[in-house]
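Visitor: I have a structure I would like to understand better, so I am pasting it below and will then ask my questions one at a time.
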Amino acid sequence: MPTAVHGVFNRYFDLLCALAPSRKHIPRSSVMMNPAKAHARQVVWSLMKYKTEAEIIEMIDKFETGSIARDDWHHFDHLIVAFHYLRSMPFDDAVERMRSGIHSLLVSFGVDPAADGSPYHETLTVFWMKAVAGFISENGSNSLFEACSALEHTFPKDFPLSFYSRERLFSEGARIRFVEPDLALSLTFADLSFTL
C-alpha cells in the first residue's frame, strides 16, 4: 500500500475511533483529520463482549462448526472471524472461507443463502474483509484479543455508509455480487482495494 494511503487511512481510523463510542454514522461533511483523537484507540476492556482470547477462539470454532446461536451472531463477531481468517491465510482464501462459513451458518439457521431476500450480502462481506485487511496492514502486530477490542471500536456497523449510498449498498445487485463504492470517500477505500 502506498505510504500516502497509509497516512490517510490511519488519520481516518483515528477519527473513526474517536467517534465510534457514540455509534453514530459519520457524515461525510464531518470528516476532519485530527491526530489528537488518536488516544481514542484506547479501549475500555470491561465493555468488551469477550473477556479472554479463549472466549474469542470458542466463538470462531462455533462459527466454523455452525453451532453458534443465531441470537449470538452479530456484526462484531463477523469482524473477529474476518480478522482471524485474514491473519492466517491469503486474502482471496479468507474471503471464500468467510463467504462459505456465512452460507453454512445461514443453513444451520434454516435460511437458504441463495434465496431472494436472503440476509447474505456479498458487497458487505467483501467490504468488511477489505476493511479488516486494511486494519491489519496498519495494526498487524496486535494480539487477537487486542485487535478484537480495537475492531469493535473502529468499525461501527454503519461504517460502509461512509463509502456507499444507501441506494447502491442495499440494491439487489450489491446483495448478490460485489459492487464498488460510489461516494467521494471511496478514494481512500479504492486505494486499499484488492483484485477479486
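The values are calculated or read from the model by the stated rules, or taken from the named source; none is laboratory data. As the structure is a prediction and not an experimental result, all values here were calculated from the model. Positions of Cβ are backbone-derived with ideal geometry, glycine not excepted, and every protein chain shown enters the neighbour counts.
Visitor: Select the helices (runs of 4 or more DSSP H) contained entirely in the range 109-196, then report the ones holding at least 3 residues which are modelled with pLDDT under 90.
Guide: Values: elements: 122-139, 144-154, 166-169, 172-176, 186-191.
The qualifying helices (runs of 4 or more DSSP H) are 122-139, 144-154, 186-191.
Visitor: Among the residues of the range 120-141, write down those that are in contact with a Phe, Trp or Tyr (Cβ under 9 Å, 6 or more places away or on another chain) and not hydrophobic (A, V, I, L, M, F, W, C). Write out each step before concluding.
Guide: Applying the first criterion (in contact with a Phe, Trp or Tyr (Cβ under 9 Å, 6 or more places away or on another chain)) to the range 120-141 yields 121-123, 125-139.
Answer for the range 120-141, where residues must be in contact with a Phe, Trp or Tyr (Cβ under 9 Å, 6 or more places away or on another chain) and not hydrophobic (A, V, I, L, M, F, W, C): HIS121, GLU122, THR123, THR125, LYS130, GLY134, SER137, GLU138, ASN139.
Visitor: Criterion first (of a type in the set (A, V, I, L, M, F, W, C), under 21 Å from GLY134 (Cβ atoms), loosely packed, with under 12 Cβ neighbours inside 10 Å and modelled with pLDDT under 50) does ALA4 satisfy it?
Guide: For ALA4, the condition - of a type in the set (A, V, I, L, M, F, W, C), under 21 Å from GLY134 (Cβ atoms), loosely packed, with under 12 Cβ neighbours inside 10 Å and modelled with pLDDT under 50 - is met.
Visitor: Sticking with this structure for a sec: How many residues does the range 92-115 hold that are touching a residue at least 24 places away in the same chain (Cβ under 8 Å) and either more than 16 Å from ARG177 (Cα to Cα) or over 19 Å from the mean Cα position of the chain (by Cα) (or both)?
Guide: Selection size over the range 92-115: 7.
Visitor: Every residue in the range 51-99 that is crowded, with 19+ Cβ neighbours inside 10 Å and touching a Gly at 6+ places or on another chain (Cβ under 9 Å), please.
Guide: PHE63, VAL81, TYR85
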